[in-house]
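Since the structure comes first, as structure tokens, the remarks are kept for the end.
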């Protein structure tokens with residue numbers, strides 16, 4: 001085959017490749033258009049636990065920006081990871097979940113510390129009963145709760161008595177009690193209490209049949 005013939009053949013092959021590429025690109029574009037307009041969203045790259053603060057490292061490692069058809073995205077989906085910077089998760093998010101505005105706890109008001117107790121109170125741990133429902137529905141740390149004490153079966157003035165021992169105290173934290181305590185439904189609540197409230201609840205903890213928390 002002559003050099004001129006080989007050149008013509010190569011030119012024809014290149015032209016065929018260009019036409020094929022343009023056809024494929026046009027088909028892909030038409031396929032994407034079939035799903036409608038794309039919009040930016042943020043997806044959890046790993047499981048994120050409730051109460052986690054999304055600092056700069058968490059935003060970089062655990063939040064993944066994507067573009068999806070607008071009809072598939074939640075209305076309040078974040079448009080970029082930076083929108084979550086410094087925010088706290090109000091719910092747990094499995095890996096692959098959309099990160100939405102509703103999943104983020106409300107930011108604290110001006111002058112209110114994020115995790116610290118209010119002025120004049122101190123964090124106190126109290127063992128409580130039946131807090132599973134509260135844990136799944138409570139808002140951000142610091143949400144107010146009432147502490148309800150029920151008297152035990154033994155002798156004493158508190159026998160059979162149920163009363164509110166503290167009203168509207170900030171609940172700073174809530175976790176399951178260690179399994180070795182032998183109780184299946186015991187929780188450890190961290191409450192922001194004044195000194196008189198703390199003394200009253202510590203005494204009640206030693207004498208009462210149960211202590212429960214009621215969300216406000």
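Just so it is clear, none of the values below were taken in a lab; they were calculated from the coordinates. Please read these numbers as outputs of a predicted model, since none were measured by experiment. Cβ sites come from the backbone with ideal geometry, for glycine too, and all protein chains shown count toward neighbours.
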* What is the diffusion coefficient of the range 47-111 in µm²/s, taking the Kirkwood radius over Cα pairs and the Stokes-Einstein relation at 10 °C with a viscosity of 1.306 mPa s? -> 129 µm²/s
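Full extension from residue 38 to residue 125: what is 0.36 nm times the residue separation minus their Cα-Cα distance, to one decimal in nm?
Working: separation 87, 0.36 × 87 = 31.32 nm, distance 4.88 nm.
Full extension from residue 38 to residue 125 adds 26.4 nm.
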* Structure fact -> Given a Förster distance of 25 Å, the FRET efficiency implied by the Cβ-Cβ spacing of residue 76 and residue 53, rounded to the nearest 0.05, works out to 0.80
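Quick one: length gained pulling residue 46 to residue 164 fully straight, 0.36 nm per residue minus the C-alpha distance?
Details: separation 118, 0.36 × 118 = 42.48 nm, distance 4.10 nm.
Full extension of this stretch gives 38.4 nm more.
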* Once the piece of chain linking residue 97 and residue 207 is laid out straight, how much longer is it, given 0.36 nm per residue of separation minus the C-alpha distance between them? -> 35.1 nm
